[in-house]
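This report concerns only the one structure given below.
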Amino acid sequence: MSLEISPEISTITSYCRSAAESLSLAAILLDRHQGKLQQNVSQLEVEKKTLEDYVTNLKEELSQLKNELVESQKEIVLHSFTSNKKVNYLAETDEESSFASS
């Protein structure tokens with residue numbers, strides 16, 4: 001008794017082998033793409049951290065500039081107040097000397 005393989009079974013077997021090879025190739029390609037995608041994700045995480053650090057530094061610089069601006073405004077107000085006092089004092093002194101000389 002010999003086993004005889006029908007042509008249909010032989011064709012189906014050939015299709016299955018071909019499908020298995022295609023799936024194996026697809027799995028290899030997927031692994032490569034997954035590796036590349038993981039590298040891209042890692043690079044993006046590094047860039048994200050760099051940008052976050054940059055934003056943090058900019059916020060710190062902005063805060064420092066705001067503080068410097070507030071201090072400058074205080075100095076301007078103080079200088080203006082002092083100048084006005086001097087002008088008023090000089091005007092009063094000038095008026096008093098005008099009355100004294102007349």
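The values are calculated or read from the model by the stated rules, or taken from the named source; none is laboratory data. The model shown is predicted, which means the values in this text are computed figures rather than measured ones. All Cβ positions, even for glycine, are placed from backbone atoms using ideal geometry, and neighbour counts span all protein chains on display. Ligands, DNA and RNA are stripped out before the accessible areas are found, and what is left, the full protein with its side chains, is counted by its heavy atoms. Shrake-Rupley method; radii C 1.70, N 1.55, O 1.52, S 1.80 Å.
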- Per residue accessible area of the chain, 1.4 Å probe, in Å²: 96 Å²
- Magnitude of the charge dipole, the chain, Cβ model with Lys/Arg +1 and Asp/Glu -1, debye to 20: 420 debye
- Cα long-axis angle, helix 7-101 against the chain (0 to 90 degrees, to the nearest 10): 0 degrees
- Query: Setting aside same-chain residues fewer than 8 positions from K48, which lysines have a Cα under 21 Å from its Cα?
  - Reply: K36, K59
- Message: Leaving out ligands, DNA and RNA, and with a 1.4 Å probe, what % of the accessible surface on the chain is carbon or sulfur?
- Response: 60 percent
- Largest-first principal axis extents of the Cα set of the chain (Å): 150, 18, 12
